[in-house]
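The values are calculated or read from the model by the stated rules, or taken from the named source; none is laboratory data. Small disclaimer: the values here were computed from a predicted structure and weren't measured. Every residue, glycine among them, receives a Cβ derived from its backbone with ideal geometry; neighbour counts consider all protein chains shown.
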């Protein structure tokens, strides 16, 4: 009998230990929309996290299609309690997600648990994930547009300043003069821009509006007061560059990158996410000396459009997250934020200040050079109508392409845009 009791106790103890072991590792279901170089780097971060938390937390990651398909799936999944535990999200889409009720608030206690604080983030980045005084995501980065330039071509034309940057970055007149000097030097396209894609050009146009302190929305009104004039000003300068042969015409995204990397375009306005393309080509000996800087000041002061990749926690209907699961999710967000130097190699500017203030980041070029633009960033209007693949993008982009390519007057385009936005 005693032997049987000892065996029974041993069996119960073993079962308990196995049960404990089974629950020791918390699995965090993860969705993202990251492909290309972004995807490679995030997969590495996930692998590093899992290795550092072996037996405690494991990220089970799935990559879905970027844009509308991703956000539609999140919305439908959260409504039936089948969304993941954590997901990547664009800051510009947060107002719509909050309206839809599909995001959990990141509370003050959550920030403390993660070891992150408001002081760690640029004011514009923090505000971008804030709705009605509450935070609904944790910014991982900011990914603005920048001006790429061919140092060899500009240097040969005498158009680099003492610091090795393009001359004329301080005004419309001076930058246009630089473009004309490149044209006179025989450069096919002084500036390459994605003029065949109005959605992309929104970034440049909104930046130029920001340089005039322009607003797309004032309260609930679109292009109120003199904001329509500021939009017209932005369209006019870009149209001028195109019609005078200073900027590429009807160029799609891949063609714009190809114009720059082939040397046909001396400069290019594009996202920081193209930094790895340039870095890799140069390592292979297939690219000239190049750099990237903040956009030129065409109007009154520096201003650059940006968005943020952020981490958000879905509000799964009817599915309460356990304290253990939430603790694991917060550990994921905090750890990746603090280890986002690798993410910076994708060109993005890490949102977490201690990373961008580190000696390692300050030695990373051209990232360190253009990261100063975080003091001059503007994000989308805080409305459910804005954001990546949102209605505002769609309405405005329809008129951007013909206007930038000289087939529609800027004043006419602004009038049509205002009517289209008001219909929303």
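Tabulated results
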{"quantity": "Members of the range 99-123 found to be buried (at least 19 other Cβ atoms within 10 Å of the Cβ) and assigned to a helix (DSSP H, G or I), listed by number", "calculated": "110, 114, 120"}
{"quantity": "Counted residues, the range 355-365 - those being touching a helix residue (DSSP H, G or I) at 6+ places or on another chain (Cβ under 9 Å) and either within 25 Å of residue 88 (Cβ to Cβ) or crowded, with 21+ Cβ neighbours inside 10 Å (or both)", "calculated": "6"}
{"quantity": "Residue identified as out of contact with any strand residue (DSSP E or B) (no Cβ under 8 Å at 6 or more places or on another chain) and modelled with pLDDT of 95 or more among 395, 355", "calculated": "355"}
{"quantity": "Filter pass, residue 262 being free of Cβ contacts under 8 Å to residues at least 24 places away in the same chain and either surrounded by fewer than 19 Cβ atoms within 10 Å (Cβ to Cβ) or closer than 28 Å to residue 308 by Cβ (or both)", "calculated": "yes"}
{"quantity": "Criterion: in the same structural domain as residue 333 (by TED's automatic domain parsing), modelled with pLDDT under 95, within 18 Å of residue 329 (Cβ to Cβ) and out of contact with any strand residue (DSSP E or B) (no Cβ under 6 Å at 6 or more places or on another chain) - qualifying residue of 108, 52, 14, 24", "calculated": "24"}
{"quantity": "From 32, 38, residue being modelled with pLDDT under 95, surrounded by 19 or more Cβ atoms within 10 Å (Cβ to Cβ) and either touching a helix residue (DSSP H, G or I) at 6+ places or on another chain (Cβ under 7 Å) or closer than 17 Å to residue 140 by Cα (or both)", "calculated": "38"}
{"quantity": "Search result, residues across the range 43-72 that are touching a residue at least 40 places away in the same chain (Cβ under 8 Å) and within 20 Å of residue 389 (Cβ to Cβ)", "calculated": "67, 68, 71"}
{"quantity": "Single match in 164, 245, 186, 214 (criterion: free of Cβ contacts under 8 Å to residues at least 24 places away in the same chain, in a loop (DSSP other than H, G, I, E, B) and farther than 24 Å from residue 388 by Cα)", "calculated": "186"}
{"quantity": "Tally, over the range 386-400, of residues that are surrounded by fewer than 19 Cβ atoms within 10 Å (Cβ to Cβ), over 16 Å from the mean Cα position of the chain (by Cα) and touching a residue at least 40 places away in the same chain (Cβ under 8 Å)", "calculated": "3"}
